[in-house]
Amino acid sequence: MPRLDQLLRTLKETDGSDLHLAAGLAPRIRRSGHLEPVEGWPVLADAELRALLREIASGAQWAEYEAQRDLDFAYGLAGVARYRANYFAQENGAGAVFRIIPERIVSAAELALPAAVLSLAHLAQGLVLITGPTGSGKSTTLAAIIDEINRSYAKHIVTIEDPVEFVHQNQRAVLSHREVGAHTGSFAAALRAAIRQDADVVLVGEMRDRETISAALTAAEMGLLVFGTLHTNGAAKTIDRVIDVFPAREQGQVRLSLAESLAGVVSQLLLPRAEGPGRVAVHEILLRTSALANVIREGNTPMLRSIIQAGRAQGMQLMDDALFARVGEGQIRPEDAWKKAVEKARFEPLLPQPQSGASAA
């Protein structure tokens with residue numbers, strides 16, 4: 001058994017989310033958003049760490065790592081979990097991060113996803129963007145949405161990831177999981193091929209570049225339901241990012257395409273739970289309206305705030321409103337909400353007040 005499996009089992013058994021390995025440091029596990037040392041493991045020298053990492057990589061993967069000094073792949077530990085592995089080079093030598101991917105898909109009900117987010121699974125077509133920083137749970141939310149489609153509709157769902165993370169079992173739908181590198185040359189190539197594969201729904205693991213974003217817009221315009229992720233915060237920044245990735249001469253046409261195809265933007269954050277371990281997902285939600293299409297065409301993204309506020313009855317919400325509500329429910333601490341809020345003054349009255357009576361120095 002590879003020695004690394006011991007650490008990966010510990011990650012699972014301690015309810016961690018990520019295993020961090022780096023030459024010159026002892027292994028660390030991220031739990032509830034914080035990095036903690038793994039008991040019983042010493043500092044790893046570069047040669048020792050490379051030996052650990054090489055045990056679970058194929059010959060071709062290790063050759064790629066040595067040539068490129070970066071490697072992404074998925075690793076499965078039977079009966080435990082799947083892991084998304086990233087190998088890299090750093091100042092003191094080798095490094096790696098393993099993100100745990102639960103073998104069981106967590107349902108929308110278990111995640112307590114807002115009804116407006118779940119409603120995106122029942123769209124017929126359009127582009128849906130799930131956004132947020134690394135580690136904010138985008139993949140878990142997307143997996144729950146795909147699971148809802150899988151349970152509800154006899155459709156062909158194509159997932160394009162690097163590497164494949166959540167593996168869905170066919171229920172009413174037929175799923176085709178494609179991994180960039182192993183099964184297709186690029187996200188964009190797989191998106192273009194999905195149109196010829198009679199796909200109804202396409203999941204794009206990451207919309208990294210102009211070619212992929214362009215292919216996603218085209219697929220949505222052609223009648224597919226396309227889900228993609230971006231590392232952006234908030235609906236306005238997401239729309240601006242999609243448009244700004246194109247050269248100025250093309251942005252007018254991109255605005256028209258996005259105005260016609262954008263069906264929703266969900267921005268997600270994970271904050272520490274106020275009581276006990278774990279984290280709480282908080283969402284900003286923007287859904288399609290005629291006003292949204294006009295705002296995108298005109299490039300007036302500051303108006304998105306008003307559109308979201310006017311769409312509360314449809315389930316839309318601003319991130320600050322969602323944060324404020326979670327504080328009121330006692331799910332998250334005011335100081336954590338304040339750090340993420342846009343209008344910080346709104347949260348300042350909720351912050352713990354300094355102790356009175358302290359003597360002056």
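Descriptive notes on the structure:
- Near pairs, Cβ below 8 angstrom, 6+ apart or cross-chain, from the range 294-315 (in the same structural domain as residue 237 (by TED's automatic domain parsing) and more than 26 Å from residue 251 (Cβ to Cβ)) to any residue that is part of a helix (DSSP H, G or I) and not hydrophobic (A, V, I, L, M, F, W, C): 315/119
- The range 182-198 residues that are under 10 Å from residue 158 (Cα atoms), paired with ones that are basic (Lys, Arg) (beta carbon under 8 Å, 6 or more apart): 190/178
- Looking only at the range 171-188, and only at residues there that are in contact with a helix residue (DSSP H, G or I) (Cβ under 8 Å, 6 or more places away or on another chain) and of a type in the set (A, V, I, L, M), the one that is modelled with the lowest pLDDT: 180
- Helices (runs of 4 or more DSSP H) wholly inside the range 1-115 that include at least 3 residues being in contact (Cβ under 8 Å) with a residue 60 or more places away in the chain, on the phi > 0 side of the Ramachandran plot and in contact with a Pro (Cβ under 8 Å, 6 or more places away or on another chain): none
- Residue match in the range 110-120 (condition: modelled with pLDDT of 95 or more and either within 18 Å of residue 202 (Cβ to Cβ) or of a type in the set (Asp, Glu) (or both)): yes
- Residue match in the range 125-134 (condition: surrounded by fewer than 23 Cβ atoms within 10 Å (Cβ to Cβ), at pLDDT below 95, under 27 Å from residue 32 (Cβ atoms) and outside the structural domain of residue 70 (by TED's automatic domain parsing)): yes
- Residue that is nearest to residue 271 (Cα to Cα) [pool: residues in the range 286-304 that are outside any helix (DSSP H, G or I) and touching a Leu at 6+ places or on another chain (Cβ under 9 Å)]: 286
- Residues of the range 258-288 satisfying the condition of being at pLDDT 95 or above and over 24 Å from the mean Cα position of the chain (by Cα): 260
- Residue among 230, 271, 292 that is surrounded by 19 or more Cβ atoms within 10 Å (Cβ to Cβ), over 27 Å from residue 201 (Cβ atoms) and hydrophobic (A, V, I, L, M, F, W, C): 271
- When residue 97 is tested against (1) within 19 Å of the chain's Cα centre (by Cα); (2) among the aliphatic types (A, V, I, L, M); (3) at pLDDT 95 or above; (4) exposed (fewer than 15 other Cβ atoms within 10 Å of the Cβ), just one condition goes unmet, and that condition is (4).
- Residue within the range 144-160 that is under 17 Å from the mean Cα position of the chain (by Cα) and under 30 Å from residue 43 (Cα atoms) present: no
The values are calculated or read from the model by the stated rules, or taken from the named source; none is laboratory data. Keep in mind that this is a model prediction, so the values were computed, not measured. Glycine also receives a Cβ, built like all others from the backbone with ideal geometry; neighbour counts cover every protein chain displayed.
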